[in-house]
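K.L.:
What follows is a single structure, and I will ask about it in a moment.
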Ligand code: PGA
């Protein structure tokens, strides 16, 4: 595991976008695994700038997102499909038909999960998987549990995650209680895993994920077993790691 400690969130975004940009230039048809959330916003902004100012070409890039809320259509402003369009896809020269997000409105969620795993199998694996981390150590919507779930699956969000995501909705009641999430196999099968985190609120999750025991109670801890991981964190997010 390579850990890059940077001064702040901005530097974290610049470093992450540099790695992604280098892959897009060297493998123009790369498959990128992408997250939503506040953490990757700066990375997406920087990649958009690189597309405009440095001719970073996404025309042959494919993307696979980690998760989607159940019950929200891709047009719903808080859906992760809409998030990706508004914050990234609509601003780069990507072919939107090459972008994949689980269908939150699928009539049969089980079938949608299998379809997503088939899609992952079709691509083989992602060339790069960018992930954030929840304060409780979740990655994608793989919440703390008794066992790791390998496949794409239906998850019931924890109170901590509902509270954290409430800020995007008008009120707590509107936050969906379930989601479709890529499982740990899809995430871990990537060639290069990049975890980004900033701020004190993530310090405990970062410390446990990078230096604690590997346990499904801290889903992020599984990244310790990946052969090619880059963790890019600011000093605040690294502040509790000295205790391990
Ligand atoms: P955040 O979420 O980037 O909005 O903090 C990260 C996550 O929950 O994975």
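The values are calculated or read from the model by the stated rules, or taken from the named source; none is laboratory data. Fair warning: this is a prediction, and the values are worked out from it, not measured in the lab. For neighbour counting, all protein chains shown are included, and Cβ atoms are generated from backbone atoms with ideal geometry for every residue, glycine included.
K.L.:
Return the total of residues in segment 157-180 being more than 15 Å from the ligand (Cβ to nearest atom), out of contact with any helix residue (DSSP H, G or I) (no Cβ under 9 Å at 6 or more places or on another chain) and not in a loop (DSSP other than H, G, I, E, B).
P.N.:
Number satisfying all stated conditions: 1.
K.L.:
Has segment 193-215 got any residue that is over 18 Å from residue 38 (Cβ atoms), in contact (Cβ under 8 Å) with a residue 60 or more places away in the chain, away from the ligand (no atom under 16 Å from the Cβ) and surrounded by fewer than 22 Cβ atoms within 10 Å (Cβ to Cβ)?
P.N.:
no
K.L.:
Between residues in segment 152-177 that are closer than 15 Å to residue 80 by Cα and residues that are in a helix (DSSP H, G or I) and more than 10 Å from the ligand (Cβ to nearest atom), which pairs lie under 6 Å by C-beta distance while being six or more apart or on different chains?
P.N.:
166/172; 175/162; 175/166
K.L.:
Please enumerate the residues belonging to segment 235-244 that are in contact with a helix residue (DSSP H, G or I) (Cβ under 7 Å, 6 or more places away or on another chain) and surrounded by fewer than 24 Cβ atoms within 10 Å (Cβ to Cβ).
P.N.:
Step one: list which residues in segment 235-244 are in contact with a helix residue (DSSP H, G or I) (Cβ under 7 Å, 6 or more places away or on another chain), which gives 236-241, 243-244.
The answer is 236, 238, 239, 240, 241, 243, 244.
K.L.:
If you don't mind, another one. Any chance segment 90-106 includes a residue that's within 15 Å of the chain's Cα centre (by Cα), buried (at least 22 other Cβ atoms within 10 Å of the Cβ) and in contact (Cβ under 8 Å) with a residue 40 or more places away in the chain? Walk me through how you get there before you give the answer.
P.N.:
So the first thing to find is which residues in segment 90-106 are within 15 Å of the chain's Cα centre (by Cα), and the list is 99-102.
So of that shortlist, the ones also buried (at least 22 other Cβ atoms within 10 Å of the Cβ) come out as 101-102.
Within this subset, residues satisfying the condition of being in contact (Cβ under 8 Å) with a residue 40 or more places away in the chain are 102.
Among the residues of segment 90-106, at least one is within 15 Å of the chain's Cα centre (by Cα), buried (at least 22 other Cβ atoms within 10 Å of the Cβ) and in contact (Cβ under 8 Å) with a residue 40 or more places away in the chain, which makes the answer yes.
K.L.:
Can you tell me which residue in segment 124-143 is nearest to residue 65 (Cα to Cα), limited to those that are over 12 Å from the mean Cα position of the chain (by Cα) and either modelled with pLDDT under 95 or within 11 Å of the ligand (Cβ to nearest atom) (or both)?
P.N.:
Within segment 124-143, the subset over 12 Å from the mean Cα position of the chain (by Cα) is 124-127, 135-137, 143.
Still in the running and either modelled with pLDDT under 95 or within 11 Å of the ligand (Cβ to nearest atom) (or both): 124-125, 135-137, 143.
Details: 124: 15, 125: 13, 135: 20, 136: 21, 137: 19, 143: 17 Å.
By that ranking, first place goes to 125.
K.L.:
If you don't mind, there's one more thing I want to ask. Keeping to segment 14-37, report how many residues are touching a residue at least 60 places away in the same chain (Cβ under 8 Å) and either within 16 Å of the ligand (Cβ to nearest atom) or part of a helix (DSSP H, G or I) (or both).
P.N.:
Narrowing segment 14-37 to residues touching a residue at least 60 places away in the same chain (Cβ under 8 Å): 15-16, 19-20, 23, 27, 30-35, 37.
Pick out the ones that are also either within 16 Å of the ligand (Cβ to nearest atom) or part of a helix (DSSP H, G or I) (or both) and you get 15-16, 19-20, 23, 33-35, 37.
Residues that pass the stated criteria total 9.
K.L.:
Under 7 Å between Cβ atoms, at least 6 apart or on separate chains: pull out the pairs that start in segment 67-86 with a residue that is within 16 Å of residue 154 (Cα to Cα) and end on any residue that is part of a helix (DSSP H, G or I).
P.N.:
Short answer, once both residue conditions are applied: 67/80; 68/80; 68/81; 69/80; 70/109.
K.L.:
A further question on this structure: Return the residues of segment 46-56 that are free of Cβ contacts under 8 Å to residues at least 40 places away in the same chain and either within 16 Å of the ligand (Cβ to nearest atom) or in contact with a helix residue (DSSP H, G or I) (Cβ under 9 Å, 6 or more places away or on another chain) (or both); say none if nothing qualifies.
P.N.:
Kept after step one, since they are free of Cβ contacts under 8 Å to residues at least 40 places away in the same chain, are these residues of segment 46-56: 46, 49-50, 52-56.
Scanning segment 46-56 gives 46, 49, 50, 52, 54, 56.
K.L.:
Say we look at segment 111-122 and pick out the residues that are farther than 29 Å from residue 198 by Cβ and in contact with a strand residue (DSSP E or B) (Cβ under 9 Å, 6 or more places away or on another chain); which of these is nearest to the ligand (Cβ to nearest atom)?
P.N.:
Here is the first cut: in segment 111-122, the residues farther than 29 Å from residue 198 by Cβ are 111-115, 117-119, 121-122.
Still in the list and also in contact with a strand residue (DSSP E or B) (Cβ under 9 Å, 6 or more places away or on another chain): 112-113, 119.
Details: 112: 21, 113: 19, 119: 21 Å.
Across segment 111-122, the extreme among qualifying residues is 113.
K.L.:
Provide a single number: the residues in segment 204-228 that are within 25 Å of residue 80 (Cα to Cα) and part of a helix (DSSP H, G or I).
P.N.:
8
K.L.:
Next question. Quick one: is residue 183 within 13 Å of the ligand (Cβ to nearest atom), under 14 Å from residue 143 (Cα atoms) and in contact (Cβ under 8 Å) with a residue 24 or more places away in the chain? Write out each step before concluding.
P.N.:
Numbers: within 13 Å of the ligand (Cβ to nearest atom): no; under 14 Å from residue 143 (Cα atoms): yes; in contact (Cβ under 8 Å) with a residue 24 or more places away in the chain: yes.
So residue 183 does not fit the description; no.
K.L.:
Also: Out of 140, 145, report the one residue that is closer than 28 Å to residue 234 by Cα and surrounded by fewer than 21 Cβ atoms within 10 Å (Cβ to Cβ).
P.N.:
On the way: 140 fails: surrounded by fewer than 21 Cβ atoms within 10 Å (Cβ to Cβ).
The conditions single out 145.
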